[in-house]
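The values are calculated or read from the model by the stated rules, or taken from the named source; none is laboratory data. Quantities reported herein were computed from a predicted structural model and do not represent experimental measurements. Cβ sites come from the backbone with ideal geometry, for glycine too, and all protein chains shown count toward neighbours. For accessibility, only protein heavy atoms count, side chains too; no ligands or nucleic acids. Shrake-Rupley method; radii C 1.70, N 1.55, O 1.52, S 1.80 Å.
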Amino acid sequence: MFERMQLLVCGGESCEQKQIGAIKDALLVELKKHDCENEIAITQSSCFGLCEKGAIVGVFPDEVYYQCKTKSEIVMIVEKHIKNNQIVEELRIKDPILHKRLKEHSNFHVFNKQNRIVLRNCGIINPLSIEEYIARDGYFALAKALKEYTSEEVIEIVKKSKLRGRGGGGFPTGLKWEYAKNSQSDIKYVVCNADEGDPGAFMDRAVLEGDPHSILEAMAICGYAIGAQQGYIYVRAEYPVAVERLERAIEDAKNLNLLGDNLFGTDFSFEIELRLGSGAFVCGEETALIASIEGFRGMPKLKPPFPAESGLWGKPTNVNNVETFANIPVIILKGADWFNTIGTEKSSGTKVFALGGKIKNTGLIEIPMGTTLRDVVFDIGGGIPNRKKIKAIQTGGPSGGCIIEKDLDTPIDFDTLTDLGSMMGSGGMIVMDEDNCMVDVARFYLEFTVEESCGKCTPCREGTKRMYDILNKISEGKGTLEDIDHLEVLASMVAETSLCGLGQTAPNPVLSTLKHFRDEYLAHVNDHYCPAGVCRELTNYIIDDTCVGCTKCATNCPVGAIIGWPKAIHKLDMSLCIRCGACKQACPVGSIKTVKGGEAHV
Amino acid sequence: MQIIDVLKKYPASQTSLLEILLEIDRLKDNHYISKEEVHMISEYLGVRTSHVYSVLTFYTLLSTEPRGKHIIQVCKDIPCYVNDAFDVRKTLEKMLNMSVGQTSRDGLFTLEETACIGCCDEAPAMLIDLEPYTNLTRDKIERILASYREVTL
């Protein structure tokens, strides 16, 4: 049975919460009313990447996206568009930046500068349908690799594409495959690292949930190239939807003999199994991940030997990240030269970033390497909300650092970000404005590493803890200038002597905030003052004479420290104040300010 | 389902350990692995009990102490932190009258913190029994908790 039209209902988490289920039901009721429920397919897709808009319904093949809120709007869409082929202009989603209703979805300003390779199918196909994946050239790359290329040729193509590992390190993928291929062994393994854990990064989740088959296909291609017959996907148990869709995808692929024995009539066989991660960030490190699959504590091992020589159960193993794998089928189909036309010379292709923090349009974006940070933040991201000023962009999560405003025009690729003292990482990009305290941010990341350190090596286990203690001291106003020196010494020691990447990069947030925001550290130490008003012990509030007497601050104060009458300037009793900042947030005119200690007692 | 049935689903080799632990944890209403179960697992897989404990205590999703029927995990990572205007963790602590790491007296909820759960675009977020709840507000949390209480009653 073929339908003449398809309605895509966004099944992303954001939309799901906006009661997309109810919308789906209502659509069905309306279709039944018009007796056309058999002509129209309703499909729940993964996120469209326009989360800000929410509850989005796409009509295909017309490629029209509607934003609906009420039942009457659904009635209108069904009656006009589906019944009579008239597009309901007034319900089309608006471009969040241009504030206009656009005809073509791809003309959306948000998508203009993007180039979707990794996310090519996300939001377009039904992730539960292998047929839809095949219809979008799915498994053609595997067929092409098996039928037209030798394993050496496949590796040569990947090498020529200059694809680099998207998990953060940026190691050339083709080279990694070649090492695994050259290791002599009758048994080899392919492992997909889907233990995405970097705070603020969720591109792997999007691919696993939106396009699970692309990963299976890429893993099979990798298996063919290096001579492996067994693959494992190590996915976090915290991503239950991804786990479910992967399980389904593996089953469907097996049923069509796209996984299993003698694929495409060749003598190549490949199987994939899932392994669940159980809440340990360090398992994203490849040797720790391998230990975890083997059934041990997820602790890293000393390299070399690299997994390519001795990995899972001592056999040569190739570990790649989800996003890296997602690039593979396209590279095989379109060729390395095509891939090289995208991106920069040393970093080809695209990178998916998760925009988050203080930015108008949050969500996943995929941009060609070489796009500037300014374009990302202000053009695609729409800038900083509430007319605040940008302070820094944090990339690379707890392993990365901060990039400040003057460096915003740097084109993004693996090497430029490292030069700026940060790193690509897995692609989290968190924008911070003037209300974020950089000492606090560094303290926050250190708290994360302290907790996630597996404890195997001393520099990471003890060093991160000591650094965290010092940062705590500083944010409480008890720090000294010596502490800052200690912090720097410790940071470089931990970076140089830790066993794995987690410890080696853990000091980065400290080092980069110290480099760019030393004055903030000094303000905390010398003046006992937190310029951003975040560190509680160092924040004093004052109500200045621009107060309009709206009483909002007094109503919101949980301890009754603010006194004042309507239309009169309010007063704040600092002896009662618990420095929660509720008043500052409530003030509509910005009359409540933070000041250095001592001046605040009004 | 009995523990022994869970065990039999998996091949008796060490690589199944984590999967078995996760499944037993999910199966039980009080979400933990008891001493007896550790012994059963170690016998079935042919590994030492100390090894089972070493793995069991390494991963944050697993517990050796009984927990509540529903496990609430509040994301404590930076995007949620930066976008958290009202302190989700404190709000939950207040509403449930307990602190992180504890189980409510009626045995319904255990409150935990978790590393990033990949819902950063809709921060702040939390998981209840691995089901994500995002764009949290005070009212929303109240409604969510109420819905879990209702189902149980």
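If the chain linking A:Met5 and A:Asp379 were pulled fully straight, counting 0.36 nm for each residue of separation and taking away their Cα-Cα distance, it would gain 131.3 nm. The aspartates and glutamates whose alpha-carbon is closer than 20 Å to the alpha-carbon of A:Lys301, local same-chain residues fewer than 8 away aside, are A:Asp195, A:Glu196, A:Glu285, A:Glu286, A:Glu309, A:Glu451, A:Glu452, A:Glu462, A:Glu496. On a 0 to 90 degree scale, rounded to 10, what angle separates helix B:35-45 from the longest Cα axis of chain B? Tilt of helix B:35-45: around 50 degrees. Heavy-atom accessible area, probed at 1.4 angstrom with all protein chains present, ranks A:Trp338, A:Trp177 as A:Trp338, A:Trp177, highest first.
The 1.4 Å probe gives accessible areas that order A:Arg248, A:Arg120, B:Arg89, largest first, as A:Arg248, B:Arg89, A:Arg120.
Secondary structure note: in the protein assembly as shown, about 55% of the DSSP beta bridges are antiparallel. Take each peptide in B:71-81, A:431-441, count the other Cβ atoms within 10 Å of every residue, and average; sorted highest first, the result is B:71-81, A:431-441. In this structure the amide hydrogen of A:Arg275, modeled in the peptide plane, comes within under 5 Å of the amide hydrogens of A:Ile233, A:Tyr234, A:Val235, none closer than 5 places in sequence on its chain. Can you give me the relative contact order of the range A:350-433 as a percent, contacts being Cα pairs under 8 Å and 6 or more apart? Relative CO of the range A:350-433 lands at 37 percent. For chain A, the normalised intensity computed at q = 0.08 Å⁻¹ comes to -0.65 (log10 of I(q)/I(0), Debye sum over alpha carbons, equal scatterers, no solvent).
The shape of the range A:205-281 can be summarised by an equivalent ellipsoid whose semi-axes, obtained from the alpha carbon gyration tensor, come to 23, 13, 10 Å from longest to shortest.
Only DSSP H runs of four or more residues enter the estimate; each adds -39500 (n - 2.57), and after division by the residues of the protein assembly as shown the mean residue ellipticity at 222 nm equals -10500 deg cm²/dmol. In the range A:192-222, the residues that give up 50 Å² or more of accessible area when the other protein chains are added, compared with the chain on its own (1.4 Å probe), are A:Phe202. So if R0 is 35 Å, what FRET efficiency would B:Asp5 and B:Ile128 give, r being the distance between their Cβ atoms, rounded to the nearest 0.05? Once the sixth-power term is evaluated, E becomes 0.85.
Put a plus charge on the Cβ of each Lys and Arg, a minus charge on the Cβ of each Asp and Glu, and nothing anywhere else: the dipole of the range A:212-321 about its Cα centre is then about 360 debye.
Label-to-label distance for A:Asn556 and B:Met95 is 2.0 nm, based on points extended 7 Å past Cα in the beta-carbon direction. Here the simple spin-label model places points 7 Å from the Cα toward Cβ, and for B:Arg143 and A:Arg518 these points are separated by 5.1 nm.
Near the amide H of A:Lys301, within less than 5 Å, lie the amide hydrogens of A:Thr287, A:Ala288, all on another chain or at least 5 residues away, with H placed in the peptide plane. Cut-off 17 Å, label point 7 angstrom out along Cα-to-Cβ of A:Lys465: give me the residues of the range B:43-71 whose amide nitrogen falls inside. Counting backbone N atoms under 17 Å from the label point, the list is B:58.
Interface between chains B and A: roughly 3700 Å² of accessible area buried, both sides summed (probe 1.4 Å, protein heavy atoms only). Surface listing: A:Glu451, A:Glu271 arranged by accessible area from highest to lowest gives A:Glu451, A:Glu271, probe 1.4 Å. Shape summary: the range A:452-602 maps onto an equivalent ellipsoid whose semi-axes, from the alpha-carbon gyration tensor, are 40, 15, 12 Å in decreasing order.
Peptides A:253-264, A:125-136, A:558-569, ordered by how many other C-beta atoms sit within 10 Å of their residues on average, highest first, read A:125-136, A:253-264, A:558-569.
Counting only protein heavy atoms and using a 1.4 Å probe, what share of the accessible area of the range A:468-568 belongs to carbon plus sulfur, as a whole percent? Summing carbon and sulfur atoms, their accessible area is 55 percent of the total for the range A:468-568. A simple charge model with +1 on the Cβ of Lys and Arg, -1 on the Cβ of Asp and Glu and nothing else charged puts the dipole of the protein assembly as shown at about 1260 debye relative to its Cα centre.
Of all DSSP-defined beta bridges confined to the range B:70-152, some 55% are antiparallel rather than parallel. Positive end of the dipole of chain B (Cβ unit charges, origin at the Cα centre): among B:Val82, B:Val151, B:Pro124, the Cα lying farthest that way belongs to B:Val151. For the range A:438-526, the ratio of Cα radius of gyration to the globular rule of thumb 2.2 N^0.38 Å stands at 0.99.
How many percent of Cα pairs in the range B:3-58 exceed 13 Å? I get 53 percent for the Cα pairs in the range B:3-58 exceeding 13 Å. Using the 1.4 Å probe convention, the accessible area of the protein assembly as shown works out to 41 Å² per residue with neighbouring protein chains retained. Taking 41 Å as R0, compute the FRET efficiency from the Cβ-Cβ separation of A:Leu28 and A:Asp267 and round it to 0.05. The value I calculate is 0.30.
Hydrodynamic radius of chain B by the Kirkwood approach over all distinct alpha-carbon pairs: 16.7 Å. Where the centroid of each part is defined by its Cα atoms, how far is the range B:60-111 from the range A:279-315 in Å? What the calculation gives is 31 Å, centre to centre. Given R₀ = 51 Å, FRET efficiency for B:Arg48-A:Glu79 by Cβ-Cβ distance, to 0.05? E between B:Arg48 and A:Glu79, to the nearest 0.05, is 0.15.
Using a cutoff of 8 angstrom between alpha carbon atoms and counting only pairs six or more residues apart, the relative contact order for the range A:130-339 works out to 31 percent.
Across the alpha-carbon set of the range A:130-339, the Rg to Rh ratio works out to 0.93, Rh being the Kirkwood radius.
Each of A:Ile543, A:Ala392, A:Val319 was placed along the dipole of chain A (beta-carbon charges, centred on the mean Cα), and the one lying farthest toward the positive end is A:Ile543. Whole-percent P(r), the range A:539-601, all Cα pairs, 10 Å bins from 0: 26, 61, 13. Working note: Cα atoms of the range B:13-97, range along each principal axis, descending, whole Å: 50, 25, 18.
The length gained by stretching the chain between A:Lys596 and A:Leu256 to full extension, at 0.36 nm per residue less their Cα-Cα distance, is 115.5 nm. Each label point was placed 7 Å from the Cα along the Cα-to-Cβ direction; for A:Ala135 and A:Asn340 their separation is 3.6 nm. For the pair the range A:447-493 / the range A:235-258, the C-alpha centres are spaced 41 Å from each other.
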